[in-house]
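The values are calculated or read from the model by the stated rules, or taken from the named source; none is laboratory data. All of these numbers come straight from a predicted model, not from anything done at the bench. Note that we place each Cβ from the backbone using ideal geometry, even for glycine, and neighbour counts take in every protein chain shown. Areas reflect the complete protein model, heavy atoms only, side chains present, ligands, DNA and RNA absent. Shrake-Rupley method; radii C 1.70, N 1.55, O 1.52, S 1.80 Å.
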Amino acid sequence: RHVPGNHDWRWESTAGERYRALFGPSRFSFDAAGLHFVGLDPSHLLQEPGGFGQPGIRWLTRDLDGVPPGVPIVLLCHFPFGGDNYYVSDQERLLAVLDRYNVRAVFAGHVHTEEVRRFNGVTQLAVDDTRGLPIYYWVERTAGADGPALRITAVQRGADGSAQSRPVLDIPLGGARTA
């Protein structure tokens, strides 16, 4: 699945409708492998930063209210949250909502570098860009030291087609969510 970023919608007035025609809804959720995934879209036409607004927060709350207790939640959003990331104008309201649910991971981009942040029981990974070498992140569910986890591995491809992988981090899916 794909979530829109600033270069998908910011520059042209029909970009949002063209995005939806090519990729489907810009906000979505689905269940897979015992996890609940949510794709977030804080985009605003021809503006940066973005924001969820009341309609986006209501949509997210309704979606998360339907997740059974104990099911880990993974968020996908182009923009990272927290720390010195201020790309979403109403992220405080979003984080207050997320505090009420079993959100364990956020996968983001935008900052063009790999960045790991932990806050409010959530682990956020902003992934590196592909300007230097092609890179992708492999995510698999595993048995971590303290229970189930998501193991994240970065894989870079060389110009000769070779692949080098390196462990990035494990994201716990169970246990206490500490602030």
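Brief remarks on what is shown
- No other residue among A176, A149 is under 17 Å from V71 (Cα atoms), among the aliphatic types (A, V, I, L, M) and modelled with pLDDT of 90 or more apart from A149.
- Residues of the stretch 80-94 satisfying the condition of being part of a loop (DSSP other than H, G, I, E, B) and touching a residue at least 24 places away in the same chain (Cβ under 8 Å): P80, F81, G82, G83, N85, Y86, Y87, S89, D90
- Qualifying positions in the stretch 148-179 - in a loop (DSSP other than H, G, I, E, B), touching a Leu at 6+ places or on another chain (Cβ under 9 Å) and either more than 20 Å from D129 (Cβ to Cβ) or open to solvent by 50 Å² or more (accessible area, probe 1.4 Å) (or both): A159, L173
- Residues in the stretch 101-147 that are open to solvent by 70 Å² or more (accessible area, probe 1.4 Å) and within 15 Å of the chain's Cα centre (by Cα) were compared, and the one that is farthest from H36 (Cα to Cα) is H112.
- Among the candidates G70, G83, G50, the residue that is open to solvent by less than 10 Å² (accessible area, probe 1.4 Å) and either within 22 Å of R177 (Cα to Cα) or touching a Ser or Thr at 6+ places or on another chain (Cβ under 7 Å) (or both) is uniquely G50.
- The lone criterion from (1) farther than 23 Å from H112 by Cα; (2) open to solvent by less than 30 Å² (accessible area, probe 1.4 Å); (3) outside any helix (DSSP H, G or I); (4) not aromatic (F, W, Y) left unmet by S29 is number (2).
- Inside the stretch 45-79, residues that are assigned to a helix (DSSP H, G or I) and among the hydrophobic types (A, V, I, L, M, F, W, C) make up a count of 4.
- Flag for V3 being within 22 Å of V139 (Cα to Cα), more than 16 Å from the chain's Cα centre (by Cα) and either at pLDDT below 85 or of a type in the set (V, I, T) (or both): no
- Breaking point among (1) in contact (Cβ under 8 Å) with a residue 24 or more places away in the chain; (2) in a loop (DSSP other than H, G, I, E, B); (3) open to solvent by 20 Å² or more (accessible area, probe 1.4 Å), for P42: (3)
- Index of the failed condition, L22 passing every other in (1) assigned to a helix (DSSP H, G or I); (2) surrounded by 12 or more Cβ atoms within 10 Å (Cβ to Cβ): (2)
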